[in-house]
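Below is one structure, written out as structure tokens, with a few remarks after it.
Read the figures in this text as sums done on the coordinates, not as results from a lab. Treat the numbers as computed from the prediction; the structure is a model and nothing was measured. We place every Cβ from the backbone using ideal geometry, glycine too, and count neighbours over all the protein chains shown.
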């Protein structure tokens, strides 16, 4: 995927290879303006003529909102073409828009407009107005619908701006929804009225604004705003932004990697990129509409306050009433006491089902926020904003919510899906090296169970990942990290979309977790989750080797790749308890405690232990009811 292309990824999506992902800065537009232009031209020339081409983004909004100015700016910065639906209509019909209104009426104009727009945004329409001659009317050329084009034959090219009234046509609305389902971005430029009216009336060429333009514009806004907001995949308030600033915000959106998670209600998207928290208003709904949230509880840990400040500003600027609720960090926040305190606060605030929760932080914070959303009034909408690598690649996606008890980790919870996940990779720059590295445990796990390419990327960049200082991530390093995140989330999506409630395929995501959770419990959660999972994967590999499922090389490879990125491969408490100086009684007591915790694992059935193992890289399976001798032997191998 080129750096300016936003594609919606399904389970069978290919490699996400970016050549530029920015961390911000003043030169990003200038750097993009001519970059890779030759490469894009060559790619287009090689495309099969059967491929459908649709725009990267379609701009909608009121007259004067800046659709043409900002759209051209985006196109110029990316070095791609810009199209204006009004200009296309005038070219095809060989008449000015005002003339069409005067001689043929608005209804006839809207019919032509709908057809022209369909030529751009419908992936299953052969017609493309920009490449066709104008010798016949657009409606005649569209009279026959060609066969549906597979999504794999869809390519993105150019930027399109629509006239203000275009989205009010029912067929155009359906066409824009289809376009968004195919991975396109519908950008609603929500302008400040006085600015937009001044811009719209400056040229004097807008037929609908000839008389009493202020009243007409405001009446049109009242009629159109809700439709714009419903159609938009991203709403951009333009007040106070220059065209360049607005364009750079749009480019951030186009840069995102988006993975669609199906199999649950609601289905939702995981956005991975820069400034993804700007999507919060789109996910929560317009607070002034009947379906939008009014009040938002922003649940976060103190360690991510700077990111919470950003989210709060975005929410308040949109008009939400925001209440911040700070919970303890990491596993200390995943308790019934913490949850009960938050329930009390929501009760005092009078939270209703029309309100919403935003969970912001690491995996523990998003787990708790999701559990609170699932249980308050039997479920209110929520959005996850993961700020750690581990939360981005695992915890925030899939709808698992929960808390810990004295008996074990995540034993109380629910399956409750968010309306969206916004992974802003800039938040990774504030992590400590240890917290960044622990996230790699879940990345490696995803590689072992489903995607060998993840392991190849890690092998190639192990030194960089092991020595990385998150505060000084370069653009090139961020590209690699984003690809690892995207691939890991796609692995998660494939498993949860077909098995939301963990009755089958989803269990494989627990590779390394059976012993991993036991380590966390026995170490009183002083181990990070990803660290414990790393040792748990070595244990699972040892157990699989004992049962003849894998050979010794596989076990050694598991240990080597984990060590290469700085993850632990030994458990010191285990080594001491089962070491040469330990008595038989001490060994037996330790073994019994580990077995007792593993028997409480979610995958256990009755008194039967069940483990996830890998029989070859990329393929996981279950190992059910292994002998106690083999389970103990694998523990002793970890100690040696």
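Shape verdict for region 504-548, please, from the Cα gyration tensor: rounded (a/c under 1.5), prolate (a/b greater than b/c) or oblate. Can you show the working numbers first?
Working: a/c = 2.61, a/b = 1.48, b/c = 1.76.
Because a/c hits 1.5 or more and a/b fails to exceed b/c, region 504-548 counts as oblate.
At a 10 Å Cβ-Cβ cut-off, how would you order 385, 114, fewest neighbours first? Let's see the in-between values first.
Details: 385 33, 114 20.
Ordered by Cβ neighbours within 10 Å, fewest first: 114, 385.
Kirkwood Rh over alpha-carbon pairs of region 489-639, then Stokes-Einstein at 20 °C and 1.002 mPa s: what D in µm² s⁻¹, rounded to an integer?
136
When a footprinting reagent is the concern and you count Cβ atoms within 10 Å, what order do 353, 559, 600 take, fewest first?
Starting with the residue having the fewest Cβ neighbours, the order is 353, 600, 559.
Give me D for region 415-516 in µm² s⁻¹, whole number, from Stokes-Einstein with Rh from the Kirkwood sum over alpha-carbon pairs, 4 °C and 1.567 mPa s.
88
Distance between Cα centroids, region 419-484 to region 207-278: provide it in whole Å.
Computed from Cα coordinates, the inter-centre distance equals 30 Å.
Among 630, 303, 488, which comes first, then next, by fewest other beta-carbon atoms within 10 Å?
Values: 630 14, 303 20, 488 27.
Ascending Cβ contact count within 10 Å gives the list 630, 303, 488.
Please label the shape of region 259-430 as rounded, prolate or oblate, based on the square roots a ≥ b ≥ c of the eigenvalues of the alpha-carbon gyration tensor (a/c under 1.5 means rounded; beyond that, a/b larger than b/c means prolate, else oblate).
Rounded, since a/c falls under 1.5.
Tell me whether region 229-315 comes out rounded, prolate or oblate; compute the Cα gyration tensor, take square roots of the eigenvalues as a ≥ b ≥ c, and use a/c under 1.5 as the rounded threshold.
Rounded, because the longest to shortest axis ratio a/c is under 1.5.
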